[in-house]
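These notes concern the structure reproduced below.
The values are calculated or read from the model by the stated rules, or taken from the named source; none is laboratory data. What you see is a predicted model; the values in this text were computed from it and never measured. Methodologically, a virtual Cβ is constructed for each residue, glycine included, from the backbone with ideal geometry; neighbour enumeration extends over all protein chains shown.
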Amino acid sequence: MIYFAPMSMKKIGILGGGQLGRMLLQAAANYPVATFVMENDALCPAAHLCHHFTKGDITNFEDVYNFGKGLDGITIEIENVNDEALERLEKEGVKIYPNPAALKIIKNKILQKQFYRDNEIPSSEFFITQKASDLEQYQHFLPAVHKLAMGGYDGRGVQVLKTSADLQSGFNEPSVLEKMVDIKKEIAVIIAVNEKGEHAMYPAVDMVFDQRLNLLEYQLSPAQIAEKVLWKIEAIATKLVKHLKSPGIFAVELFVDKNDQVFVNETAPRVHNSGHHTIEGNFSSQFDMLWRVMLGYPLGCTEAILPAAIVNLLGAEGNSGEACYEGLEEIMKLDNVFIHIYGKKETRPGRKMGHVTILSKEKQELIHQANRIKNTLKVTAAMPQKEGL
Ligand SMILES: Nc1ncnc2c1ncn2[C@@H]1O[C@H](COP(=O)(O)OP(=O)(O)OP(=O)(O)O)[C@@H](O)[C@H]1O
Ligand SMILES: [Mg+2]
């Protein structure tokens, strides 16, 4: 394919056209860059914000290779992309953020855990299983968490195995069996790395879960955490990206246990859900930062302007169909509240439809507003479909 763009403009492609791509494109509008997106749905959230949209399968070699061969650089908004095509493109001079070697490690939870072990990055103990029957020999290792090596996302592909009876329901595909951590807090940190290997780290984020439903309640930044634990987290995350040896942006998810021990859970080699508050809350957002990396500009300032909370807008249970945002106007009357609707036509139970960022100096105010938003703003279907139809 031949693309036309002014000679001075870099041509950068994004594989995947969901909300992460959409927010990345919103930030791209500030810079001289020609943007390209590939996704198999021409109505996806990012399609109308890029300069050039290609309908294609991001897991298919030919599609990814043909999309990438005229470009200067490529980034991803999901790990499940064809990395062989990216390797070939890299050999032909296209810059890939993250580089395919780092992506290959992260994409496969077995390789990811081995990478942590090989590089002495603290992460919970684990065994590799190839099929469900391999689990029988690990009764002594329970309680544990079984995770599919490939293809899991948003908690799908993860199951807790507590008793010997649970071993029956383990995955019958290559997986990791991880020791269950007694989690006090889940923390995420985002780090940008440029071509020179310089780093910029955002303040840590507290992911607050509803213990009863095991659903993400809201995220708070900066995380409420003892300084010495924070130092540990920062040292671990810095070491991790140093060993990945790739430019790009990385989100490191970590657990802090009851004894303040820190374990890496997983890493995402891309912009991440835990960094959406940086759009309004920090001087340079995670999206702005990735453009700085890809366009060769100086790294941005990661400092917070104000503490922030994020509430995710998930499709309401029992509602499938054309999306409708109940309570939107009431929430939009609030000061320091920023709405992001992702432009997905159809809602489904649990589908990520948007998020709301709240800024305030007061932690209590952040929590109060987060709860208010959760109770007021609902994503329902305009005409709910009846169960079973
Ligand atoms: N070893 C563990 N010990 C205790 N809890 C765990 C462990 N591993 C995972 N969990 C819990 O399961 C959740 C999902 O796990 P993980 O992050 O590995 O899966 P995922 O499919 O990549 O999810 P997501 O896309 O939501 O990040 C974690 O956020 C954590 O609450
Ligand atoms: Mg996770």
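Quick check, is P298 in contact with a Pro (Cβ under 8 Å, 6 or more places away or on another chain) and either away from ligand 1 (no atom under 16 Å from the Cβ) or in the same structural domain as N336 (by TED's automatic domain parsing) (or both)? In short, no.
So, restricting to strands (runs of 3 or more DSSP E) that lie completely within region 291-389, which ones have at least 1 residues that are touching a Ser or Thr at 6+ places or on another chain (Cβ under 9 Å) and over 22 Å from L20 (Cβ atoms)?
Numbers: elements: 308-314, 321-326, 337-341, 352-359, 378-381.
Of the strands (runs of 3 or more DSSP E) lying wholly inside region 291-389, those with at least 1 residues that are touching a Ser or Thr at 6+ places or on another chain (Cβ under 9 Å) and over 22 Å from L20 (Cβ atoms) span 321-326, 378-381.
Residues of region 215-235 include at least one that is within 23 Å of N194 (Cβ to Cβ) and within 16 Å of ligand 2 (Cβ to nearest atom). Would you pick out the residues in region 104-125 that are surrounded by fewer than 17 Cβ atoms within 10 Å (Cβ to Cβ) and closer than 13 Å to P174 by Cα? Passing the criteria: only L111.
Across region 153-177, the number of residues qualifying as part of a loop (DSSP other than H, G, I, E, B) and surrounded by 17 or more Cβ atoms within 10 Å (Cβ to Cβ) comes to 3. Flag not set for R292, criterion: within 16 Å of ligand 2 (Cβ to nearest atom) and either surrounded by fewer than 22 Cβ atoms within 10 Å (Cβ to Cβ) or at pLDDT 95 or above (or both).
If you take the residues of region 215-256 that are of a type in the set (F, W, Y) and more than 24 Å from S360 (Cα to Cα), which of them is farthest from ligand 1 (Cβ to nearest atom)?
Quick first cut of region 215-256, residues of a type in the set (F, W, Y) only: 218, 231, 250, 255.
Next, only the ones that are more than 24 Å from S360 (Cα to Cα) stay: 231, 250, 255.
Numbers: W231: 23, F250: 14, F255: 6 Å.
So, considering only residues that are of a type in the set (F, W, Y) and more than 24 Å from S360 (Cα to Cα), the one farthest from ligand 1 (Cβ to nearest atom) is W231.
Kindly evaluate A101 against the criterion of being surrounded by 22 or more Cβ atoms within 10 Å (Cβ to Cβ), more than 30 Å from D166 (Cβ to Cβ) and out of contact with any strand residue (DSSP E or B) (no Cβ under 8 Å at 6 or more places or on another chain).
For A101, the condition - surrounded by 22 or more Cβ atoms within 10 Å (Cβ to Cβ), more than 30 Å from D166 (Cβ to Cβ) and out of contact with any strand residue (DSSP E or B) (no Cβ under 8 Å at 6 or more places or on another chain) - is not met.
The lone criterion from (1) within 14 Å of ligand 2 (Cβ to nearest atom); (2) among the β-branched types (V, I, T); (3) crowded, with 17+ Cβ neighbours inside 10 Å left unmet by I183 is number (3). The residues listed here are I12, I110, I106; of these, the one that is β-branched (V, I, T) and under 21 Å from N273 (Cα atoms) is I106.
Would you point out which residue out of V64, V81, V37 is part of a helix (DSSP H, G or I), surrounded by 20 or more Cβ atoms within 10 Å (Cβ to Cβ) and among the β-branched types (V, I, T)? Give the steps one after another, and end with the answer.
Values: V81 fails: part of a helix (DSSP H, G or I); V37 fails: part of a helix (DSSP H, G or I).
Of V64, V81, V37, the one residue that is part of a helix (DSSP H, G or I), surrounded by 20 or more Cβ atoms within 10 Å (Cβ to Cβ) and among the β-branched types (V, I, T) is V64.
Candidates are the residues of region 126-144 that are closer than 27 Å to D83 by Cα and not basic (K, R); the one that is surrounded by the most Cβ atoms within 10 Å (Cβ to Cβ) is T129.
Scan region 269-286 for residues that are buried (at least 22 other Cβ atoms within 10 Å of the Cβ) and either more than 16 Å from ligand 2 (Cβ to nearest atom) or part of a strand (DSSP E or B) (or both) and jot them down. Matches in region 269-286: H277, T278, G281, N282, S285, Q286.
Is it true that I249 is closer than 20 Å to I96 by Cβ and touching a His at 6+ places or on another chain (Cβ under 6 Å)? Against the criterion (closer than 20 Å to I96 by Cβ and touching a His at 6+ places or on another chain (Cβ under 6 Å)), I249 does not qualify. Only a single criterion out of (1) in the same structural domain as V262 (by TED's automatic domain parsing); (2) within 16 Å of ligand 1 (Cβ to nearest atom); (3) in contact with a Pro (Cβ under 7 Å, 6 or more places away or on another chain) is not satisfied by V205, namely (3). Restricting the first member to region 294-315 and to residues that are of a type in the set (A, V, I, L, M, F, W, C), and the second to residues that are modelled with pLDDT under 95 and part of a loop (DSSP other than H, G, I, E, B), the beta-carbon pairs closer than 7 Å and six or more apart or on different chains are L314/G350; L314/R351.
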